[in-house]
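Have a look at the structure below, then the notes.
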């Protein structure tokens, strides 16, 4: 009888203790990093889930004054720089991820509202263009300045920010998760994000920045209206 009583109390203790074990385990994980899915994907979280794979492509990064700029695309720099005006016909994507600040393992807890990356995804579908944007949380992998560097994106949110009239939005709302690895190439990184910004600007007839400090640059360009771009392209500087 005594053994049954002891077994009952032991089971009761474990059942009550388990939630606390799980709780502290989660806290420990949040302080030391959470692993991201190996495959980098944009996934819609609406009623009809769809996945936009972004793993295939060429990834580069550049170091700016206070952040790191990652570019991943299945289009080449030449493909992005050659098209002009609204006659461009492209099929592919350009993903820009900006690392705003670096979390410290063991000290930085993951807050559902916290973001340390800014996200921009341009989807090209023939003559149509869609620009998605949002933010999320990521852990750096490697050291800035190394030949290979990247981030593990463990959570994010994104939605369609702007698009041409014929663009079909199949993703909003969406999230980007997975591992992004890139090589250091300052020149190519800057060329691609500037060329992508120019294409979207021409297509939408209003300035759209894809790169570091996109929100800040967007505000500065708010005086550029579609009317002022009707008869000429606005060249980004």
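Read-outs throughout are calculated quantities, based only on the coordinates presented, and are distinct from any laboratory measurement. From a predicted model like this one, the values you see are computed outputs, not experimental measurements. As a convention, Cβ positions derive from the backbone with ideal geometry for all residues, glycine included, and neighbour counts pool all protein chains shown.
Computed values, structure above
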read-out	value
Förster-model FRET efficiency, 41 Å R0, residue 186 and residue 39, C-beta, rounded to 0.05	0.90
Cβ-based exposure ranking for 205, 168, 141, in which fewest neighbours within 10 Å come first	168, 141, 205
Residues 149, 132, sorted so that the one with the fewest Cβ neighbours within 10 Å comes first	149, 132
Extension reserve of the residue 78-residue 48 stretch, reckoned as 0.36 nm per residue once the Cα distance is removed	7.3 nm
Inter-probe distance in nm under a simple model that places probes 7 Å from Cα toward Cβ, at residue 169 and residue 146	3.8 nm
